Amino acid sequence: MINNKFLSSQEGSSAKYFMLSAIVWLVIGMGLGLLGALEFSFPDLTKGISQLSFTHIRPAHVNMVAFGWLSMANIGSCLYIIPALCKTKLFSEKLANFACHVWNLVIGLGCWSLMNGYTEGREYAELREPFDILVLVGLLLLSYNLFRTVLNRQVEKLYVSVWYIMGAFFWMPLVYIVGNRTFVAMDGLNDGILNWFYGHNILGLWFTVLGVGIAYYMVPKMSGKPIWSHSLSMLGFWTIAFFYAPTGTHHLLQSPVPEWAKALAVIFSAALVIPVITVLTNFWMSMKGSWWMLSTNMPLRFVLTGALFYLFTCIQGPFQATRGINWYIHFTQWVVGHAHAALLGTFTFFVIGSLYYGLQRLTGKRIYSVRLVKWHYWLLFLGFSIFYLTLTVAGLQQSAGWALGYPVGQWSLTLPPMWFSRAVGGLMMFFSSCLFAFNIYKTLTAKQSSSDESELDMAVPVGKGGN
Amino acid sequence: MASEVKKIGAKGYILPALVVAATFITIYTVTVIIPDMKVMKVDPTKYAMEYIEKDTNGKPIIDETGKPKLSEAGRGRAVYVREGCVYCHSQFVRPQDRDFGSRVHAGDYANETPNVLGTSRTGPDLSNEGGKMPDAWHVGHLIDPRAYTPGSIMPSFSFLSEEDMGDLVAYLQSLGRKRLEDPKNKGVYEAYYPEADTAFWQKSEHHKPNVDSATAANGGAGIFRQNCAVCHGTNGLGNGPNALAMNKKPANFSRPFFKAYSDKTWYYKVAEGVPGTRMPRWKLILEPEQMWYLVAYLKTLPQDQEVIIQDYQSIDDKAWEGQSILPNKLRASYQKLGEAKLHGTYQANPGGLTGSETEGGSSGGH
Ligand code: HEM
Ligand code: HEM
């Protein structure tokens, strides 16, 4: 009985559990982000409470949204997409459900331990030994599961999404092993190089590859039109595989690490324009003649808004990786803006579209309220726009301060309006996530949707059956 | 219906998979393994810190757990990592950073792990923090940053235990300390000043006195009392009567940190002022020659231990007795001189009111 409930072997159950867990972590993680943002405006807000001090909130926020929300939502989508594309069942639902429990444990306890200062101290790899091992167990189980599923497939050719997703599940365990002090530790600056090899490659070989893979599935599915060019999509895959990994050192471009490593990173960063352009060209050309769908189809609107922010991120990226521009904007909130444009603006938008699409099919229920979906979209979009714009401007103010040699205590006095408006944007986003969670909760528990059938079909269609 | 299931397997996809794997491994080797290999690894410089305790033979002391025993500053480093100061403070100085002390080299970090380089500077860089502030300042600032730097957004770390606090401050004081104390570094403070501004530096060479001479320092002391003491105090301790009401307090020149300033750095600071504070741009008011006299004097002020000021100097006349303060007549002329320079009507020798006359008043000529 318990075995059945916790390790269900029902088809699609693991995808569903991953997605639902992710939504819970999204709400909590964004709440932590919001608290962190508020502490910039009101630095004594949580004075004296060590768990809630900004320095403890921040790693908990980053780990929770990156691993709890984004990774788990992406994994959930993959557990749905891969069987669908392979026209077969998942190799083992039980195993995937087990991985889901393991990850939930890690995120919950891990982030609590980070708030208590139990940290490895490397950015993005803060989780300590026991959690590292559990994360890895979960990852390896998932990789095994998905690879076996692909081997069991009933279609000859692999669609590009499968390439991307398989790539991610191959790279991520390796990147995780080399990046964590539990497994590999180095001294001095090499520790920094390793830190950013890892830090950059969970972004490039995990979030990007998974996110793009999912979007490659969702865009044609939701718009009902085939992908514009398959060869272009393969070019994108191979250029990511070749160009992403060596660029980690562009995060240390001004520190005293070896110059050749920096040069390598800058060159490959510039080359990253190629995969980005191929992906975006492909999405947009696929949409040719179907752009009107954005006015009604909400999941599609989420995915394509994500694609817009992908463009912003990846114009910013290669430019700020050049020495001249990095000289100016490094160390400032500009980078934090870029980080959110990537993980929130792009990949969170992608995967929210995918959750609206996937959850309806996995649960067999229609979304509870179309109106809430629209509120979710607009609050998130506007909140994020405020957030991103503010941080970019704040970053430029800070850069000007550094470039002119003003004392920190001077230019930082000009920033409070920026900190405040970031918190306002954050509040809107946090609220939108609460609406999202509420809507999904109602979808699962309410007998039927509050919106009528025709409205649902327009706004959040389930799509045609089959593949 | 197992019989219906075709096995397609990995056919045709083995090669791509191998290419993906090989690429990744190559890249990892090149970008991570090679820099860490013996031949490529940088040796520790003499500024590299060792945060462990050693016995009299120079051997690390091993504690009960079998690991080298950490020194006080070493334990402080662990607190620094645990408390996540790295999210707001970097620990490397770039060529363009003005005011953050000597630049760093890869070997300076050789014995440290995990790295605390940092990628964000919401607060200032800390690589040369040691010796800048007294211990008491650090403790007070960590407990209540806003009492020490109005408007600061640094979180309060009032929850740290006394022991952790002591260790953390010891660590902060260790940062860049070896660079600071190296006599070789005396006067090679790599601060940011626009070398390229040739007009500025050319002008400064005009009538440049010998800044190492006692006479020049004496002359500077006079100019200092007349122009600077109201803020910086009669002895340059930053406790002039004006300082009481300022948010950004005037510098206390007795700090050991200032030993590392080069002549040019001093000169540049005096000439350009500190943007955003009350410290004026003295080049609008003083002649290059006068500013060099000031430099000669300022150089003599830094001490091995910062003199901690108890109170601000009173504006009571008695406190200033014996200090030659600029006569009113001259002060008015200075103002005129400054305005003339601002409006571009300044001439090199406007009726005998040049710098040399002032120096005559304060240092007895040269
Ligand atoms: C309510 C929404 C959010 C708010 C208010 C928020 C706020 C913040 C704040 C204040 C920081 C610290 C910045 C600093 O160190 O100066 C931060 C960092 C970060 N957040 Fe968020 N965040 C939100 C949502 C998200 C989401 C959804 C993601 C990813 C999916 C995310 C990913 C990150 C990352 C990766 C960093 C580290 C950035 C860096 O080191 O440059 N955040 N966030
Ligand atoms: C397309 C090419 C891209 C390039 C060349 C690029 C380049 C860069 C550079 C140079 C930095 C460091 C800035 C600095 O600290 O001075 C940076 C930071 C960052 N990037 Fe990108 N980026 C790209 C795309 C992306 C994508 C797709 C993601 C997300 C998956 C992403 C996530 C981040 C994050 C989270 C940071 C902040 C790291 C930190 O904590 O300091 N970037 N990027």
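The values are calculated or read from the model by the stated rules, or taken from the named source; none is laboratory data. Since we're looking at a predicted model, the values are computed, not measured. Counting neighbours? That spans all protein chains shown, and the Cβs are built from the backbone with ideal geometry, glycine included. Note: accessible area is taken over every heavy atom of the protein model, side chains too, but ligands, DNA and RNA are not part of it. Shrake-Rupley method; radii C 1.70, N 1.55, O 1.52, S 1.80 Å.
What residues of the stretch A:327-344 lose no less than 10 Å² of accessible area with every protein chain in place versus their chain by itself (probe 1.4 Å, heavy atoms only)?
Residues passing the criterion (a loss of at least 10 Å², heavy atoms only) are A:Trp327, A:His330, A:Phe331, A:Gln333.
Which angle from 0 to 90°, rounded to the nearest 10, does the C-alpha axis of helix A:72-86 make with the longest principal axis of chain A?
Result, in degrees: 40.
Testing the spin-label approximation: label points 7 Å from Cα along Cα→Cβ at A:Gln154 and B:Gln310. State their distance in nm.
Those two pseudo-labels are separated by 9.1 nm.
Just round it to a whole percent: the fraction of Cα-Cα distances in chain A exceeding 30 Å.
Working: 47707 of 108811 pairs.
Above the 30 Å cut-off, chain A has 44 percent of its Cα pairs.
Taking amide H atoms as placed 1.01 Å from N in the peptide plane, list the residues 5 or more away in sequence, or in a different chain, whose amide H sits under 5 Å from that of B:Tyr261.
Residues meeting the criterion, in which the H sits 1.01 Å from N, are B:Gly187.
Return, ordered by residue number, the residues of the stretch B:105-119 whose backbone nitrogen is under 12 Å from a label point located 7 Å along Cα→Cβ of B:Ile61.
Those under the cut-off are none; the list is empty.
Among B:Ser158, A:Ser14, what's the order by accessible area (1.4 angstrom probe), most exposed first?
Working: B:Ser158 45, A:Ser14 0 Å².
Most to least solvent-accessible, the answer reads B:Ser158, A:Ser14.
How large is the dipole of the protein assembly as shown about the Cα centre if only Lys and Arg carry +1 and Asp and Glu carry -1, each at its Cβ, rounded to the nearest 20 debye?
Details: 70 positive and 59 negative charges, 592 e Å.
Magnitude of the dipole: close to 2840 debye.
Can you give the FRET efficiency for B:Glu162 and A:Trp112, using 1/(1 + (r/R0)^6), R0 = 25 Å, r = Cβ-Cβ distance, to the nearest 0.05?
Once rounded, the FRET efficiency stands at 0.45.
Name the residue from B:Val86, B:Trp201, A:Ile165 whose Cα lies farthest towards the positive end of the charge dipole of the protein assembly as shown, charges +1 on Cβ of Lys and Arg and -1 on Cβ of Asp and Glu.
Projecting each Cα onto the dipole axis, the largest value belongs to A:Ile165.
Quick one: check the C-alpha center-to-center distance for the stretch B:139-185 versus the stretch A:298-342, whole angstrom.
34
Going down the table (A:Lys47/B:Lys269; B:Lys69/B:Lys269; B:Lys46/B:Lys264; A:Lys16/A:Lys262), which pairs top 32 Å between alpha carbons?
With Cα atoms farther than 32 Å apart: A:Lys47/B:Lys269; B:Lys69/B:Lys269; A:Lys16/A:Lys262.
Can you grab the distance from the C-alpha centre of the stretch A:373-443 to the C-alpha centre of the stretch A:4-67, Å, no decimals?
18
Comparing the chain by itself with all protein chains present, which residues of the stretch A:376-401 are at least 10 Å² less accessible (probe 1.4 Å)?
In the stretch A:376-401, residues shielded by partner chains: A:Gln398.
Does anything in the stretch A:236-251 have its amide N under 18 Å from the 7 Å Cα→Cβ label point of A:Arg323, and if so which residues?
A:247-251
Of the options A:Val279, A:Leu304, A:Ala261, report the single residue whose Cα projects farthest towards the positive end of the charge dipole of the stretch A:255-385 (beta-carbon charges: Lys, Arg +1; Asp, Glu -1).
Of the options given, the answer is A:Leu304.
Not counting ligands, DNA or RNA, and with a 1.4 Å probe, what is A:Met418's accessible surface area in Å² rounded to the nearest 10?
Looks like 40 Å² after rounding.
Using modelled amide H (1.01 Å from N, peptide plane; none on Pro or chain starts), what sits under 5 Å from the amide H of B:Ser102, excluding residues fewer than 5 places away?
Under 5 Å from the amide H of B:Ser102: B:Glu190.
I'd like the residues of the stretch B:51-97 whose 1.4 Å-probe accessible area shrinks by no less than 30 Å² going from the isolated chain to the full set of protein chains.
B:Val81, B:Arg82, B:Glu83, B:Tyr87, B:Phe92, B:Arg94, B:Gln96
Just to check I understand the Karplus step: with θ = phi - 60° and J = 6.51 cos²θ - 1.76 cosθ + 1.60, what whole-Hz values come out for the stretch A:373-390, glycine and proline as x?
4, 5, 4, 4, 4, 5, 5, 5, 5, 5, x, 5, 4, 4, 4, 5, 4, 4
If you count only protein heavy atoms with a 1.4 Å probe, what accessible area per residue comes out for the protein assembly as shown, rounded to a whole Å²?
With the other protein chains kept in place, the protein assembly as shown gives 42 Å² per residue.
What is the set of long-range amide H partners of B:Ile52 at a cut-off below 5 Å, with H atoms built 1.01 Å from backbone N?
Those lying under 5 Å, H to H, from B:Ile52 are B:Ser71.
Between A and B, buried accessible area summed over both sides at probe 1.4 Å, in Å² to the nearest 100?
6600
Heavy-atom accessible area of A:Phe91 with all protein chains present, probe 1.4 Å, nearest 10 Å²?
70
Which number comes out as Rg/Rh for the protein assembly as shown once both Rg and the Kirkwood Rh are worked out on C-alpha atoms?
Here Rg/Rh amounts to 1.05.
Gain in length, A:Lys5 to A:Ser450, computed as 0.36 nm per residue apart minus the alpha-carbon separation, to one decimal in nm? Please list the in-between numbers first.
Details: separation 445, 0.36 × 445 = 160.20 nm, distance 2.90 nm.
Length gained between A:Lys5 and A:Ser450: 157.3 nm.
Can you give the FRET efficiency for B:Asp144 and A:Val178, using 1/(1 + (r/R0)^6), R0 = 35 Å, r = Cβ-Cβ distance, to the nearest 0.05? Working shown, then result.
Details: r = 42 Å, r/R0 = 1.19.
That gives a FRET efficiency of 0.25.
In the stretch B:52-97, carbon and sulfur make up what percent of the accessible area (probe 1.4 Å)?
56
At B:Ile14 and A:Ser385, where each label point lies 7 Å from the Cα along Cα→Cβ, what is the point-to-point distance in nanometres?
5.4
Translational diffusion coefficient of the stretch B:72-183 at 20 °C, 1.002 mPa s, Stokes-Einstein with Kirkwood Rh over Cα pairs, in µm²/s as a whole number.
148
Between A:Lys89 and B:Thr26, what is the label-point separation in nm under the 7 Å Cα-to-beta-carbon projection?
The two pseudo-label positions are separated by 4.2 nm.
How high is the relative contact order of chain A, in percent, counting Cα pairs under 8 Å that sit 6 or more residues apart?
Taking the mean separation of contacting Cα pairs over the length of chain A, I get 16 percent.
Given Cα pairs under 8 Å that are at least 6 residues apart, what percent is the relative contact order of the stretch B:198-251?
For the stretch B:198-251, the relative contact order is 18 percent.
Tell me what chain A gives for mean residue ellipticity at 222 nm when only DSSP H runs of n ≥ 4 count, each as -39,500 (n - 2.57), the sum divided by the residue total, rounded to 500 deg cm²/dmol.
-23000 deg cm²/dmol
Ignoring ligands, DNA and RNA, please state the percent of accessible area on chain A from carbon and sulfur, probe 1.4 Å.
71
Straight distance only, please: which aspartates and glutamates reach the Cα of A:Lys5 with their own Cα at less than 20 Å, same-chain residues fewer than 8 apart left out?
Partners found: A:Glu93.
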